[in-house]
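Visitor: A single structure is presented below for examination.
The values are calculated or read from the model by the stated rules, or taken from the named source; none is laboratory data. Predicted model only: the values in this text are computed from it and were never measured. No Cβ is skipped: glycine too gets one built from the backbone with ideal geometry, and neighbour counts run over all protein chains shown. These area figures cover heavy atoms from the full protein model, side chains too; ligands, DNA and RNA do not enter into them. Shrake-Rupley method; radii C 1.70, N 1.55, O 1.52, S 1.80 Å.
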Amino acid sequence: MPFFTHEAKADEVKAHPYLGGKRKQEEVRKYLPATRKDINDWRSVVPEDELAALRQGGYFLDLWHWRAHRSNPIDVSDDEVIFDARSGDAGEGPFTANWDAETKQPKFMLDPQKTQRRALKWDDLIQRTLGLDDVYFISEDTAVPFDTIHAWQEGDTIPRRLLRRGDGSHADITVLGRGLWKDGFWDVTLKRAMDTGHPLDDKILVDKRVYNLAFAVHRYAVGSRWHNISLPITLGLGREADLIASRFDGDVPAWDQPWHAVTLFYPGQVSWPMLNSARHAGAENIKKGVPVKFRHSESQLAHYGVEAEFAGEIRRQWLFTLFAGVMLIAGFGFALNQWLERSPGA
Amino acid sequence: MAAYHVVLVHFPIALWMTATLSILLRAFSDGELAQAVDRALVPLLTVALISGLAAFAVGLMVWPWETISSTPLGRNHVLLASWTVAYWALLLVTRWRRGEAVWVGASRWIMAGLALLGSVLLGITGTLGGHLVGIYTEVSNALRWLGWEVFTTFYVPHATLAAIGVITLLLIGLGLWGRRAGANA
């Protein structure tokens, strides 16, 4: 997995005929177990006809990926899928790289007629002086081609991502109202049709069904795997579950349901192969289908996740500590015995 | 082997707890009952140690070494079990080698303190074992309150290991000094 201590090398991924060749992957992203012949080997992708059959059978995770900067400013969310790799749904996503690799310069700058500027100021970003009503992003509505002959100044800053509406299955999710940052939290409501018409990319939501959900949140400007996650919770559409969704009339729900607090934790470098290996005492329980909540709490997993980052080092230090303790007890026993008077009857 | 381990651990737990009560009785009393109980202490501690070693050995067979040494709770259980067995072996050797002299003067209070400490070690070991099979107690919260989160591996840094090594050497030196002093007396 990307950014794991022992992640796969990019060259090896690019050289893989399917992942690198056909899927254009440069790293081993999240994938589901049945897409591999051997869960311990990311290279062992099952044949493509098998992949197609799995996908047709609904074997994938639907990932709703809202980002504060890369999608929220234009009131949309990324829509992704996890299958043989994590990737976007079909169509264009809500952002693209604003960089021309050939000319080594941005493709677009801010439209001075619409935004009264060509670029942002570095100091404004660093000092966090911009608010949600200021110009702090560049989108297809505010962009014009990059002006190479403009007298650019030190500190002129053009965002790396160009935001766009997107299309197709990739653009199924929008922000209801406006996502707002207030008092240290984002208040965001996502909206999507229950049936998007894209059953190979999205989980079609049906009344009276129960679905498994999990949440992941990146905070403090961290990326990649440094996020917090939740344990799975159930969502019932008009059925008993951890979260019960009920129908409402109008455009906006009243939000008068009881709150459901979800505990998040940092998962560390814990992978599915590791959980199914001899390094995990619960591997047999996984095979039996025992839910993680049955044996683990979030606080327990939070500690385990951090320890997993330094598994080898901690195990070595633990062994040293174990033997040091035994030696201390032995030394104490030796000293104690030599100083106690021998009993006349001993 | 998990079921056998669970069955076997009841023996050392019961026997060492009985030994603790016996030691406390003898520490506080020179009466006939206390002396009679004390005469049974070495056999009691011997049987307890044998059953403890058996439970320890079977416990190591519940999971492969790679498994038990990869989980923080498993590591903590093995560590505490090792210390508990070693500690009670120390008490057995002391009472066996030094006989009734352990009840002379301040030694009896040392024995009482050691027995209580041994019971604490035993209790923590049992608590961690309970966690491993999914049975939780408030002892974990007590340990957490004292500063040790049982879901994290107990280990000490190199500096502390070095300090433990130095203290161990000092204790051995102290013991040799005591032996020489006894021989010259």
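Visitor: From the list A:TRP272, A:TRP259, which residue is away from chain B (no Cβ under 12 Å), open to solvent by 40 Å² or more (accessible area, probe 1.4 Å) and in contact (Cβ under 8 Å) with a residue 60 or more places away in the chain?
Guide: A:TRP272
Visitor: Which one of these does A:ASP207 not meet: (1) open to solvent by less than 50 Å² (accessible area, probe 1.4 Å); (2) assigned to a loop (DSSP other than H, G, I, E, B)?
Guide: So the condition that A:ASP207 fails would be (1).
Visitor: A:LEU235: surrounded by 14 or more Cβ atoms within 10 Å (Cβ to Cβ), at pLDDT 95 or above and under 26 Å from A:PRO94 (Cβ atoms), yes or no?
Guide: yes
Visitor: Restricting attention to region B:91-111, and to residues there that are closer than 18 Å to B:LEU15 by Cβ and touching a residue at least 12 places away in the same chain (Cβ under 8 Å), which single residue is nearest to the other protein chains (Cβ to nearest Cβ)?
Guide: B:THR94
Visitor: Select from region A:279-298 the residues that are open to solvent by 70 Å² or more (accessible area, probe 1.4 Å) and assigned to a helix (DSSP H, G or I) and write down the one among them that is nearest to the other protein chains (Cβ to nearest Cβ).
Guide: A:PHE294
Visitor: Please go through region A:210-230 and give me each residue that is in a loop (DSSP other than H, G, I, E, B), at pLDDT 95 or above and not hydroxyl-bearing (Ser, Thr, Tyr), ordered by number.
Guide: Within region A:210-230, A:ALA214, A:PHE215 qualify.
Visitor: Step by step: first the residues of region B:14-72, then only those that are part of a loop (DSSP other than H, G, I, E, B) and not hydroxyl-bearing (Ser, Thr, Tyr), then the one that is farthest from the other protein chains (Cβ to nearest Cβ). Which residue is that?
Guide: Applying the filter and picking the extreme gives B:GLY31.
Visitor: Let me ask something additional. Could you please find all residues in region A:84-111 being over 30 Å from A:VAL144 (Cβ atoms) and in contact with a helix residue (DSSP H, G or I) (Cβ under 6 Å, 6 or more places away or on another chain)?
Guide: Within region A:84-111, just A:ASP84 meets the criteria.
Visitor: Additional query: Go through region A:331-346 and give me each residue that's open to solvent by 60 Å² or more (accessible area, probe 1.4 Å) and either more than 7 Å from every other protein chain (Cβ to nearest Cβ) or modelled with pLDDT of 55 or more (or both).
Guide: A:PHE332, A:TRP339, A:GLU341, A:PRO344 - these are the residues of region A:331-346 that are open to solvent by 60 Å² or more (accessible area, probe 1.4 Å) and either more than 7 Å from every other protein chain (Cβ to nearest Cβ) or modelled with pLDDT of 55 or more (or both).
Visitor: Is it true that A:GLY179 is surrounded by 12 or more Cβ atoms within 10 Å (Cβ to Cβ), small (Gly, Ala, Ser) and under 24 Å from A:GLU80 (Cβ atoms)?
Guide: The answer is yes for A:GLY179.
Visitor: Out of (1) in contact (Cβ under 8 Å) with a residue 40 or more places away in the chain; (2) within 30 Å of A:PHE310 (Cα to Cα); (3) open to solvent by 40 Å² or more (accessible area, probe 1.4 Å); (4) assigned to a helix (DSSP H, G or I), the odd one out for B:HIS77 is which?
Guide: In the conditions (1) in contact (Cβ under 8 Å) with a residue 40 or more places away in the chain; (2) within 30 Å of A:PHE310 (Cα to Cα); (3) open to solvent by 40 Å² or more (accessible area, probe 1.4 Å); (4) assigned to a helix (DSSP H, G or I), B:HIS77 misses (3) alone.
Visitor: Name every residue in region A:182-204 that is surrounded by 11 or more Cβ atoms within 10 Å (Cβ to Cβ), of a type outside the set (D, E, K, R) and over 19 Å from the mean Cα position of the chain (by Cα), in order of residue number.
Guide: Answer for region A:182-204, where residues must be surrounded by 11 or more Cβ atoms within 10 Å (Cβ to Cβ), of a type outside the set (D, E, K, R) and over 19 Å from the mean Cα position of the chain (by Cα): A:ALA193, A:MET194, A:THR196, A:HIS198, A:PRO199, A:LEU200, A:ILE204.
Visitor: Further, regarding this structure: Given the criteria open to solvent by 50 Å² or more (accessible area, probe 1.4 Å), farther than 26 Å from A:ASP147 by Cα and part of a loop (DSSP other than H, G, I, E, B), does A:ALA68 qualify?
Guide: No: the conditions fail for A:ALA68.
Visitor: Taking only region B:112-142 into account, find how many residues are within 13 Å of chain A (Cβ to nearest Cβ), outside any helix (DSSP H, G or I) and open to solvent by 40 Å² or more (accessible area, probe 1.4 Å).
Guide: The number of residues fulfilling the criteria is 3.
Visitor: Residue check: is B:TRP103 open to solvent by less than 10 Å² (accessible area, probe 1.4 Å) and either among the aromatic types (Phe, Trp, Tyr) or closer than 30 Å to A:HIS303 by Cβ (or both)?
Guide: yes
Visitor: Go through (1) surrounded by 18 or more Cβ atoms within 10 Å (Cβ to Cβ); (2) within 13 Å of chain B (Cβ to nearest Cβ) one by one and return the number of the condition A:PRO267 breaks.
Guide: Here A:PRO267 meets the rest and fails (2).
Table: residues versus (1) at pLDDT 95 or above; (2) under 22 Å from A:SER224 (Cα atoms); (3) in contact with a His (Cβ under 9 Å, 6 or more places away or on another chain).
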site	(1), (2), (3)
A:GLY20	no, yes, no
A:TRP42	no, yes, yes
A:GLU48	yes, no, no
A:LEU51	yes, no, no
A:LEU54	yes, no, no
A:TRP64	yes, yes, no
A:PHE83	yes, yes, no
A:ASP89	yes, yes, yes
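Visitor: Every residue in region B:26-43 that is in contact (Cβ under 8 Å) with a residue 12 or more places away in the chain and surrounded by fewer than 18 Cβ atoms within 10 Å (Cβ to Cβ), please.
Guide: B:PHE28, B:ASP30, B:ALA40, B:VAL42
Visitor: Does region B:73-90 hold any residues that are aromatic (Phe, Trp, Tyr) and facing another protein chain (nearest Cβ under 9 Å), and which are they?
Guide: Correct list: B:TRP83, B:TYR87.
Visitor: Still on this structure, I have one more. A:GLU50 passes all but one of (1) open to solvent by less than 60 Å² (accessible area, probe 1.4 Å); (2) assigned to a helix (DSSP H, G or I); which number fails?
Guide: Of (1) open to solvent by less than 60 Å² (accessible area, probe 1.4 Å); (2) assigned to a helix (DSSP H, G or I), only one is false for A:GLU50: (1).
Visitor: Could I ask something else about it? Could you list, in sequence order, all residues of region A:97-132 that are in contact with a Ser or Thr (Cβ under 6 Å, 6 or more places away or on another chain) and assigned to a loop (DSSP other than H, G, I, E, B)?
Guide: Hits for region A:97-132 are A:ASP111, A:ALA119.
Visitor: Give me the pairs: first residue in region B:143-160 and more than 7 Å from every other protein chain (Cβ to nearest Cβ), second residue buried (at least 17 other Cβ atoms within 10 Å of the Cβ) and not in a helix (DSSP H, G or I), beta-carbon distance under 6 Å, and six or more apart or on different chains, which are they?
Guide: These pairs meet every condition: B:LEU143/B:VAL150.
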